[in-house]
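The values are calculated or read from the model by the stated rules, or taken from the named source; none is laboratory data. Computed from a predicted model, the values in this text were never measured in an experiment. Counting neighbours? That spans all protein chains shown, and the Cβs are built from the backbone with ideal geometry, glycine included. In case anyone asks, the SASA skips ligands and DNA or RNA and just uses the protein heavy atoms, side chains included. Shrake-Rupley method; radii C 1.70, N 1.55, O 1.52, S 1.80 Å.
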Amino acid sequence: MKAYKREIVIFTIATLATLLVVWFFFGNIEKKKMTVQTDLYTLVAPAPEAILAINRPAIFAKYILSDTSAYSTFTKKIPTIFLSVIQDNPQLTSPLFSFHPQGVIFYAKATENQVEEIENSIVQTTFSSFAPQKQTKENITYTYYPEAGNHFFGYYYYHGIFVASYSRKLLEQVAQIQFNNRNFLLPEQEKLRYSFDRNAPLNLMLQADSLNLFVSLPDSTQWGIRNCWLGIDIFTNEGNLCYFGGIPYEAEADSLYPILGDTLAIRLKQFLPEFSITNQLSIENGQVFYTGCSKINGDPD
């Protein structure tokens, strides 16, 4: 009888252990499935001024950020801690940045081990003088590190997505978007993102108004590209950092596009003073395409 009871206990424990393993296995599969299915573009906070997608973090880290001029250019727009995360974790899947008047947001798909590595090797090292503050809202735990001037670096990790920003407001906005499964991308932005070359290391989406692209006409009026979004692929080619982008073609403005291209080169020079930019244009299939390049230190084979 005792042997029979012992067999029942062993069988019960084995069954529970098997169910636990199965539950854990399928739970991990669901987590990974949810992470893979999450589109980082859909998490972007409302009203960005620009969106930068890092399609190939390894190339971005090794061949672009290793160049002194390129690194200096990116640090003018992106906090160095975010660039360090990519440099130390080039295996991250297509990180994304969105730029807002209140600050920059960093988005990335990551495993728990990768987040732990980011916390230990980068975040805690950068803010070693401060103890973190943790706050939980709606099952999302935020971690904040104080800085001088009443500023905070914050981040959260939820359903396989790591999000960080120096703006508490922006960080919590993204969390609400993710938690409530909302999407604030404009139809124009949605259309533009699918026109990008995903093989390019970087895709940049920005407001045309930020470049102030216009041509002065003889009658003292101006013609230009306004009230729309521009898409630019950024890539490396034979030791050059290059960009490729297009705008709709208007036949009546045919003679103005070369002048507009010169204006574009000047505006980009203001954004990228370290670079000497050469610019070319071509017209085909109802689009005007601009291509420009500048020398960097290295290029992938």
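If the cut-off is 15 Å between C-alpha atoms, which aspartates and glutamates fall inside it for residue 137, apart from same-chain ones fewer than 8 positions away?
Result set, ordered by chain and number: 172.
Hey, with R₀ at 51 Å, roughly what FRET efficiency would residue 120 and residue 266 work out to, going by the Cβ-Cβ distance, to 0.05?
0.70
Can you give the charge dipole size of the range 172-301 about its Cα centre, rounded to the nearest 20 debye, using +1 on the beta carbon of Lys and Arg and -1 on the beta carbon of Asp and Glu?
Taking the Cα centre of the range 172-301 as origin, the dipole is about 340 debye.
Considering amide H positions built from the backbone, and no H for Pro or chain starts, which residues 5 or more places from residue 50, or on another chain, come under 5 Å of its amide H?
The answer is 99.
Mind putting together the pair-distance distribution for the range 244-289? All Cα pairs, 5 Å bins, whole percent per bin, short to long.
Percent of Cα pairs in each bin: 5, 20, 31, 21, 13, 8, 2, 0.
Return one whole number: the accessible area per residue of the range 162-301 in Å², for a 1.4 Å probe.
Ligands and nucleic acids excluded, the figure is 54 Å² per residue.
Each label point is 7 Å from the Cα along the Cα-to-Cβ direction; what then is the distance between the points at residue 75 and residue 112, in nm?
With each label placed 7 Å out from Cα toward Cβ, I get 3.6 nm.
Hey, rough spin-label estimate for residue 223 and residue 289, points 7 angstrom out along Cα→Cβ, what's it come to in nanometres?
Each label point lies 7 Å from its Cα, and together they span 2.3 nm.
Within the range 118-245, what whole-number % of the accessible surface is contributed by carbon and sulfur, with the 1.4 Å probe and all protein chains included in the calculation?
So the carbon and sulfur contribution to the accessible surface is 49 percent.
Can you list the residues, at least 5 places off or on another chain, whose amide H is less than 5 Å from the amide H of residue 152, using H built in the peptide plane?
Counting only residues 5 or more places away or on other chains, the set is 147.
Of 169/295; 191/269; 62/169, which ones are farther than 31 Å apart at the Cα?
Correct reply: 169/295; 62/169.
Provide the per-residue ³J(HN,Hα) series for the range 48-53, in order, calculated from phi with Karplus coefficients 6.51, -1.76, 1.60 and θ = phi - 60°, each as a whole number of Hz, with x at glycine and proline positions.
Per residue, the Karplus-derived 3J(HN,Hα) values read x, 8, 6, 9, 10, 9 Hz.
Per residue of the range 202-219, in order, report the coupling 6.51 cos²θ - 1.76 cosθ + 1.60 (Karplus, θ = phi - 60°) as ³J(HN,Hα) in whole Hz, putting x for Gly and Pro.
In residue order, the calculated couplings are 9, 10, 10, 10, 8, 6, 4, 4, 5, 8, 6, 8, 8, 10, 7, 9, x, 8 Hz.
Rounded to whole Hz and in sequence order, give me ³J(HN,Hα) for the range 77-83 from the Karplus expression 6.51 cos²θ - 1.76 cosθ + 1.60, θ = phi - 60°, writing x for Gly and Pro.
Those phi angles translate into 10, 10, x, 4, 4, 6, 5 Hz.
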